[in-house]
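The values are calculated or read from the model by the stated rules, or taken from the named source; none is laboratory data. This is a predicted model, so every value here is computed, not measured. As a convention, Cβ positions derive from the backbone with ideal geometry for all residues, glycine included, and neighbour counts pool all protein chains shown.
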Amino acid sequence: MTDEMPIEFWQGIEQFNSQDFYACHDTLEALWMEAGEPEKKFYQGILQIAVALYHLGNQNWRGAVILLGEGINRINYYQPSYAGIAVEELLGESAKLLSALQQVGPEKVADFLALFAGTTVAGLQLPRIIKVPKS
């Protein structure tokens, strides 16, 4: 892992946390296409979670569930933290959301989204990416 992640990476993280998932996808995809391992797989995992959340916002239950699962599987390797990111927290929030979506099913995704409306529902929130404090 490089000590210094590119400025575009942090821009993508900011877009993710602002729930601008489409822009996050564009920003991180440009990095992902040029990256070598292990960063490539890490970028792709975050990208997939961002796209899953984009799909969720469009009530595309299937796309959200598939990409959340793929993103979770990809970044699982990078626990507990990587590149200054608290991966464990991102995984936990993403897994909780995936589980809730699987229970809700495609028929009720619109009702599920309406419950959210930017708030925390029953301890569930949209995943956020948290920086690990420098020691």
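Structural remarks
- Per the listing GLN19, GLN11, GLN15, GLN59, the residue uniquely assigned to a loop (DSSP other than H, G, I, E, B) and either of a type in the set (Asp, Glu) or within 16 Å of ILE130 (Cα to Cα) (or both) is GLN19.
- Odd one out for GLY84, checked against (1) touching a strand residue (DSSP E or B) at 6+ places or on another chain (Cβ under 6 Å); (2) of a type in the set (Gly, Ala, Ser); (3) free of Cβ contacts under 8 Å to residues at least 40 places away in the same chain; (4) within 20 Å of ILE7 (Cα to Cα): (3)
- Tally, over the stretch 64-77, of residues that are in contact with a Leu (Cβ under 9 Å, 6 or more places away or on another chain) and either among the aliphatic types (A, V, I, L, M) or crowded, with 20+ Cβ neighbours inside 10 Å (or both): 7
- Subset of the stretch 10-57 (residues that are touching a helix residue (DSSP H, G or I) at 6+ places or on another chain (Cβ under 7 Å) and of a type in the set (S, T, N, Q)): GLN11, GLN15, THR27, GLN44, GLN48
- Every residue from the stretch 3-53 that is among the polar types (S, T, N, Q) and farther than 14 Å from TYR78 by Cβ: GLN11, GLN15, ASN17, SER18, GLN19, THR27
- Count of the stretch 25-50 residues which are within 15 Å of LEU68 (Cα to Cα), crowded, with 24+ Cβ neighbours inside 10 Å and not small (Gly, Ala, Ser): 5
- Members of the stretch 105-135 found to be of a type in the set (Val, Ile, Thr) and either crowded, with 17+ Cβ neighbours inside 10 Å or at pLDDT 95 or above (or both), listed by number: VAL109, ILE129, ILE130
- The single condition from (1) of a type in the set (Asp, Glu); (2) in contact with a strand residue (DSSP E or B) (Cβ under 9 Å, 6 or more places away or on another chain); (3) at pLDDT 95 or above that GLU93 fails is (3).
- Test for GLY12: is it among the small types (Gly, Ala, Ser), within 18 Å of GLU88 (Cα to Cα) and at pLDDT 95 or above: no
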